[in-house]
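Following: one structure in structure tokens, then a few remarks.
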Amino acid sequence: MGGGTQTHARPRPPLTPPRLPPGPASPGPWQLIRCQANFAGYLDACMRRHGPLFTLRMPPFEAFVAATEPRDVETILLDTTTRFEPGAASAILEPLVGPASLILSAGPQHMHQRRLLLPAFHGKLAERWEQQIAEIAARHLARLPLSAPIPLREPMREIALDAICRILFGGDEPATYRALRDEVARGLDPRIVVLLWFPTLWRRHGRLNPARPHQRRRAHIHGLVHELIARRRADATHAERDDVLSVLVAARDEHGEPLSDGEIRDLLLGLLMAGHETTANALTWAFERLSRTPHARERLAEEVRAGGTAYVDAVVSETLRTRPSVIDAVRTATSEIELSGYAIPPGTVVSAMLTAMHRRPDLWPDPLAFRPERFLDGRPPPYSYMPFGGGVRHCIGASLSLVEMRAVLRTAVGMLDIAPAPNREERMRLTGITLTPSRGGRVVLARR
Ligand code: HEM
């Protein structure tokens, strides 16, 4: 769902001389504070004041252009391929995922990596994981406390982490794989998000360096992944295995050379990081939204009893529309591009701001209402619904995460009744690049 490859007629209006579109005049740090306080609300206000294309000036970017018009979103996603040129923004992500991960790689290296990984994440193939993910979910869900409000974010993170580790490393659970899972599960300390804005700290080694505990954890995680790689290289059966580590160990570049351990490690850690928080967060929101939407909850329960899947997929789509897990899809214009009549100069960071686009009342009548039915009645207009981005940097885990969410929701609804917690609707809190529920996604569960 959502745009894919359709195009539409695009009359070219006269361009302005290269300059950035208007935007709030307030200082960058203040814009950042407003976004942290109420990201979606701030974007709504920017759209009302400045129109569908506006410029924000938030650290670490001197300026970035946010687009909410489907036609501009199409241009950004199809005509630009570089996420971040080397510099401040990519340096921010490096401590988390490493320079050779798919998220940060560019040019021929990025294309080669995608070619290697796409078969493992292809839609039809992703479906083969559905049953195994349902079993993982049932195991975790059976342990949840009943009849009192509980935040679902942590249990959803554990399910998503077990699922992605299974897909990346395989089903046999040697001690190293379990240790890695536990180390990542211990989580990224919330302070890490602040520390990421100071990339130079990660390269220093003093005892008083606040990044030191995280550097240690990262070194430990690297050590564990290197052990897994070494063990798999030594395993003569890796060619018959279907996990991503085995695919990468068997891969050869155009000169017949294997990938280095460092590249395999960065690729795996990039997939691990990108592939569990996002899905866990979307699942948490799905339960929170269902708990507050009785008609959707009942219709889903009926469908699960009857063995269907259309409505559960619509619930997932509506969750990602109203509560996008990833706030936007970012690129750096490497040549001049045209957005809504503005000639955007090369070097500008441009964002397909899907959070705001998914809330435009002209595209989505009654946009704040949670109404999965809207995804049953045909496809949305091209490029108006883009929770996974688009173009050659489109989320590689999109099919997998849809299969995963379907499996977890169907398993949960088959086992449990979901009721709202007695607090107010949860706010969307900006945590890094995701919008998380302000109280962890609290619901009340009961055994069916
Ligand atoms: C609900 C779940 C998810 C959402 C909403 C989501 C969303 C996104 C978005 C918006 C992008 C940027 C796309 C662009 O720039 O055009 C992205 C990229 C990416 N995602 Fe996901 N994602 C999800 C799950 C996953 C999973 C399960 C994995 C791993 C298996 C994954 C791995 C990645 C990677 C590696 C990239 C970078 C791709 C590239 O640059 O080539 N994501 N994701």
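The values are calculated or read from the model by the stated rules, or taken from the named source; none is laboratory data. Since the structure is predicted, the reported quantities are computational estimates derived from the model, not experimental observations. When we count neighbours, we look across all protein chains shown, and the Cβ atoms used for this are built from the backbone with ideal geometry, even at glycine. To get the accessible areas, we keep the full protein, side chains included, count just its heavy atoms, and leave off ligands, DNA and RNA. Shrake-Rupley method; radii C 1.70, N 1.55, O 1.52, S 1.80 Å.
Looking only at region 318-340, residues that are more than 9 Å from the ligand (Cβ to nearest atom) and under 14 Å from ALA369 (Cβ atoms) come to 4 in all.
Please verify whether ARG186 is open to solvent by 70 Å² or more (accessible area, probe 1.4 Å) and at pLDDT below 85, treating the condition exactly as stated.
Details: open to solvent by 70 Å² or more (accessible area, probe 1.4 Å): yes; at pLDDT below 85: yes.
Spelling it out, ARG186 is indeed open to solvent by 70 Å² or more (accessible area, probe 1.4 Å) and at pLDDT below 85.
If you take just the helices (runs of 4 or more DSSP H) that sit entirely in region 57-150, which of them hold at least 1 residues that are hydroxyl-bearing (Ser, Thr, Tyr)? Talk me through it step by step, then tell me what you get.
Values: elements: 70-79, 88-97, 107-121, 123-126, 130-141.
Result: 70-79, 88-97.
Tally time: how many residues in region 253-269 are open to solvent by 40 Å² or more (accessible area, probe 1.4 Å) and more than 16 Å from ALA219 (Cβ to Cβ)? Going through region 253-269 one residue at a time, the tally reaches 7. No other residue among LEU300, LEU272 is part of a helix (DSSP H, G or I), more than 16 Å from the ligand (Cβ to nearest atom), open to solvent by less than 30 Å² (accessible area, probe 1.4 Å) and within 24 Å of PRO324 (Cα to Cα) apart from LEU300.
Going through region 357-408 one residue at a time, which ones are more than 10 Å from the ligand (Cβ to nearest atom), among the aliphatic types (A, V, I, L, M) and in contact (Cβ under 8 Å) with a residue 12 or more places away in the chain?
So the first thing to find is which residues in region 357-408 are more than 10 Å from the ligand (Cβ to nearest atom), and the list is 357-385, 406-408.
Checking the rest, the ones that are also among the aliphatic types (A, V, I, L, M) come to 357, 363, 368-369, 376, 407-408.
Within region 357-408, MET357, LEU363, LEU368, LEU376, ALA407, VAL408 meet the criteria.
When the residues of region 353-374 are narrowed to those that are of a type outside the set (Gly, Ala, Ser) and surrounded by 22 or more Cβ atoms within 10 Å (Cβ to Cβ), which ends up farthest from PRO387 (Cα to Cα)? The selected residue is PRO372.
Scanning region 94-142 for residues that are surrounded by fewer than 16 Cβ atoms within 10 Å (Cβ to Cβ) and either touching a His at 6+ places or on another chain (Cβ under 9 Å) or modelled with pLDDT of 95 or more (or both) turns up GLU135, ARG139, ALA142. Comparison of ALA67, ALA40 shows that the only residue that is surrounded by 15 or more Cβ atoms within 10 Å (Cβ to Cβ), away from the ligand (no atom under 15 Å from the Cβ) and at pLDDT 95 or above is ALA40.
For LEU445, are the conditions met, namely being open to solvent by less than 20 Å² (accessible area, probe 1.4 Å), touching a strand residue (DSSP E or B) at 6+ places or on another chain (Cβ under 8 Å) and either more than 18 Å from ALA296 (Cβ to Cβ) or in contact (Cβ under 8 Å) with a residue 24 or more places away in the chain (or both)?
Details: open to solvent by less than 20 Å² (accessible area, probe 1.4 Å): yes; touching a strand residue (DSSP E or B) at 6+ places or on another chain (Cβ under 8 Å): yes; either more than 18 Å from ALA296 (Cβ to Cβ) or in contact (Cβ under 8 Å) with a residue 24 or more places away in the chain (or both): yes.
Here the answer is yes, as LEU445 does meet what is asked.
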